[in-house]
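First the structure, in the form of structure tokens, and then the observations on it.
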Amino acid sequence: MRQGKKRGNKEDIKMDLPFRIMKKDSFRVVGYAIQTTNKKREARKAVPMHWARIKKEHLEEPLLKLADEEHRGLFGINIYNTNPADSRKFEYLIGVSSGCEVQEELVEFTMPAVTWAVFPCIMETIGKTEAQAITKWLPKSNYKPLNKGYITGRMKSGAPDIEYYGKDGHVEVWIAVEEG
């Protein structure tokens, strides 16, 4: 795993996140989606409620059975700019990488071929890891995010943001980047 550079300043060392850079071809995801918004922090309530519904209705197992071999876990995907009139609105998809046919209430989405900065973490630190990756790591790295508007919630998106939930509690934050 590639590590960021330590600069000697105590504050910089705390923000030094482990990461890897991964270039990935486009891939198809199928799953359960909701429409939400960054307006008045609605998404901070809607997304956990969406996960709770998936767990309560035991929809994870049938979904995981559709997963391709490469990624046998669940993705949480922020698909931005789904409403041209309001850049705060977006779709949140809980899904798996799959070539299977879409069934019942499942939707499909094709992830673009991009470069991802991937940050491993644990469930309890996913939000903190994402925030540090965006606000601390990216400005000091050789990469630029494909997305803008994290602070205001008015997104200008080049690709989705991803959380990946693999086996044995393995969690990753994926941020679309390009070399800067």
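Here are the numbers for this structure:
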{"read-out": "Computed lengthening from HIS58 to HIS170, 0.36 nm per intervening residue step minus Cα-Cα distance", "value": "38.3 nm"}
{"read-out": "Spread of Cα-to-Cα distances over 10 Å intervals beginning at zero, given as percent, for the range 51-152", "value": "11, 37, 37, 14, 1"}
{"read-out": "Exposure proxy order (Cβ contacts within 10 Å, fewest to most) of ASP168, ASP161", "value": "ASP168, ASP161"}
{"read-out": "Aspartates and glutamates whose Cα lies under 17 Å from that of LYS167, excluding same-chain neighbours fewer than 8 positions away", "value": "GLU60, GLU61, ASP68, GLU69, GLU70, GLU124"}
{"read-out": "Relative contact order of the chain, defined on C-alpha pairs under 8 angstrom at six or more residues apart (%)", "value": "28 percent"}
{"read-out": "Separation of the ILE151 and GLN103 label points, Cα + 7 Å toward Cβ, nm", "value": "4.6 nm"}
{"read-out": "Taking LYS148, LYS55, LYS167 and counting other C-beta atoms within 10 Å, the order from fewest to most", "value": "LYS167, LYS55, LYS148"}
{"read-out": "Nearest-20 debye value, the chain charge dipole, Cβ charges on Lys, Arg, Asp, Glu", "value": "1140 debye"}
{"read-out": "Candidate aspartates and glutamates - alpha carbon under 16 Å from LYS140, same-chain residues fewer than 8 apart omitted", "value": "GLU11, ASP12, ASP16, GLU130, GLU178, GLU179"}
{"read-out": "At 1.002 mPa s and 20 °C, Stokes D of the range 97-143 from Kirkwood alpha-carbon radius, µm² per second", "value": "156 µm²/s"}
{"read-out": "Eligible aspartates and glutamates near LYS89 by straight Cα distance, threshold 18 Å, same-chain separation 8 or greater", "value": "GLU42, ASP161"}
{"read-out": "Where Rh is the Kirkwood radius over Cα pairs, Rg/Rh for the range 2-179", "value": "0.96"}
{"read-out": "Nitroxide proxy distance, nm - points 7 Å out along Cα→Cβ at ARG28 and LYS140", "value": "4.2 nm"}
{"read-out": "Neighbour-count order for VAL177, VAL102, fewest beta carbons within 10 angstrom listed first", "value": "VAL102, VAL177"}
{"read-out": "Check: the range 66-154 dipole with +1 on Lys, Arg Cβ and -1 on Asp, Glu Cβ, in debye", "value": "900 debye"}
{"read-out": "In degrees, nearest ten, helix 42-56 long axis to first principal axis of the chain (Cα)", "value": "50 degrees"}
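Here, each number is a calculation from the coordinates, and none is a lab measurement. Keep in mind it's a predicted model, so treat the numbers as computed, not measured. Positions of Cβ are generated from backbone atoms using ideal geometry, with glycine treated the same way; all protein chains shown enter the neighbour counts.
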